[in-house]
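Q: Submitted below is the structure of interest, expressed as structure tokens.
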Amino acid sequence: MRAVRGRDGSPVLTDVDEPPGQGELLTMKASGICGSDMEYLHYGTSKILGHELVGFRADGTAVAVEGLYGCGQCEPCLEGRFNLCRDAISNALGSGLDGGMVEQFRAPSARLVELPAGLAPEDGALVEPAAGSWHGVRMGGGAAGKRVAVVGGGSFGLLAAAAAQAQGAEQVDMEVRHPHQHEVRERLGAGETDGKYDLVIEAAGSPSALQRCIKLVRFGGTIVVLGFHPGNIELPFWPLLTKEVTLIPTIGYCEHEGGRDMQQAAEMLAGRPEIAEAVITHRFPLEDAPEAFRVANDRAKGAIKVVVEVG
């Protein structure tokens, strides 16, 4: 069967003899391309790519796949916080484990989330990144009754804006860079920043974005860092100190007392089909996966979320 694997820093279409993974056999529908896929390629992965996955069980039920497994035995895993497992990265799809950008894939039943009615299977690959954004807003104390700002107009930022709206924000505004991101921001009903905010989401992964968040947050407010910052970062301590800002880095998604981030994200997408319509900007068949990665890596050309249609 066909699969997309990393080779010499590039995605290549190849053949595999058996479905990768362990657990329940899925016929794959689609896989989204994430910035972390680009990181894995940059560092020379030879794994099958893909962790933003949707496929079908043997009975035809459409399911999204949680791309973080954890070890299943440590204290965080037993609490449902498998994103904090010490083996989270080595047990992450496309990183330490083969991913699901392949025609058939095996995944543990415990890591599958059925798509709710109203969410089309071809849009199901958006559930995984939406869960990360949902998790970030939730970890920031939720958005109910708050003024929320998001800095960064990629898929994480746009999905964080939608998550804040779904979690009851009084107002959601965004700062984005490219014209096509402004268009999607408007389609999702997010405004442009004006004033100070109770909760600010950093979704760009750059030092300048994080500094901008510190300027936007109100005294006693909270900044959630969704963006990935490799290495050390420098922070202006004085404004953090004098405003007593709470700064929360987040990773992935998990289960929690109120439910499951992936399930809640899926329900959000099912309730607002316009989110997927706006955020998924490009779709490519499996045989064109190398071109899909090229497009996904060029945000200035209009890409937000690029999806590879596996089946």
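Q: Here are some conditions: (1) buried (at least 16 other Cβ atoms within 10 Å of the Cβ); (2) in contact with a helix residue (DSSP H, G or I) (Cβ under 7 Å, 6 or more places away or on another chain); (3) modelled with pLDDT of 95 or more. G227 meets all but one. Which one does it not meet?
A: If we test G227 against (1) buried (at least 16 other Cβ atoms within 10 Å of the Cβ); (2) in contact with a helix residue (DSSP H, G or I) (Cβ under 7 Å, 6 or more places away or on another chain); (3) modelled with pLDDT of 95 or more, just (3) comes out false.
Q: Now, a different point. Of the residues in segment 131-157, how many are of a type in the set (G, A, S), out of contact with any Phe, Trp or Tyr (no Cβ under 6 Å at 6 or more places or on another chain) and outside any helix (DSSP H, G or I)?
A: 9
Q: Let me ask something else about it. Taking the conditions exactly as written (surrounded by fewer than 21 Cβ atoms within 10 Å (Cβ to Cβ), outside any strand (DSSP E or B), modelled with pLDDT of 95 or more and not hydroxyl-bearing (S, T, Y)), does E128 satisfy them or not?
A: Here the answer is no, as E128 does not meet what is asked.
Q: Check segment 231-249 and report whether any residue there is at pLDDT 95 or above and under 18 Å from the mean Cα position of the chain (by Cα).
A: yes
Q: Could you tell me whether E267 is under 24 Å from A125 (Cα atoms), loosely packed, with under 14 Cβ neighbours inside 10 Å and either modelled with pLDDT of 95 or more or in contact with a Phe, Trp or Tyr (Cβ under 8 Å, 6 or more places away or on another chain) (or both)?
A: So E267 fails the test.
Q: Mind listing just one residue for me: the one in segment 103-119 that is assigned to a strand (DSSP E or B) and among the hydrophobic types (A, V, I, L, M, F, W, C) and, of those, surrounded by the most Cβ atoms within 10 Å (Cβ to Cβ)?
A: F105
Q: Could you list, in sequence order, all residues of segment 230-253 that are on the phi > 0 side of the Ramachandran plot and surrounded by 13 or more Cβ atoms within 10 Å (Cβ to Cβ)? I'd like the intermediate steps shown before the answer.
A: Applying the first criterion (on the phi > 0 side of the Ramachandran plot) to segment 230-253 yields 231, 244, 252.
The one that is on the phi > 0 side of the Ramachandran plot and surrounded by 13 or more Cβ atoms within 10 Å (Cβ to Cβ): G252.
Q: Let me spell it out: the conditions are (1) in contact with an Asp or Glu (Cβ under 6 Å, 6 or more places away or on another chain); (2) of a type in the set (A, V, I, L, M, F, W, C); (3) under 25 Å from A278 (Cβ atoms), and L126 meets all of them except one. Which number is the exception?
A: Unmet for L126, out of (1) in contact with an Asp or Glu (Cβ under 6 Å, 6 or more places away or on another chain); (2) of a type in the set (A, V, I, L, M, F, W, C); (3) under 25 Å from A278 (Cβ atoms): (1).
Q: Which of the residues belonging to segment 282-311 are closer than 19 Å to A163 by Cα and part of a strand (DSSP E or B)?
A: K305
Q: From L68, L115, L119, which residue is in contact (Cβ under 8 Å) with a residue 12 or more places away in the chain, farther than 19 Å from I275 by Cβ and under 18 Å from the mean Cα position of the chain (by Cα)?
A: L68
The values are calculated or read from the model by the stated rules, or taken from the named source; none is laboratory data. Given the structure is predicted, the values throughout are model-derived calculations rather than measurements. We place every Cβ from the backbone using ideal geometry, glycine too, and count neighbours over all the protein chains shown.
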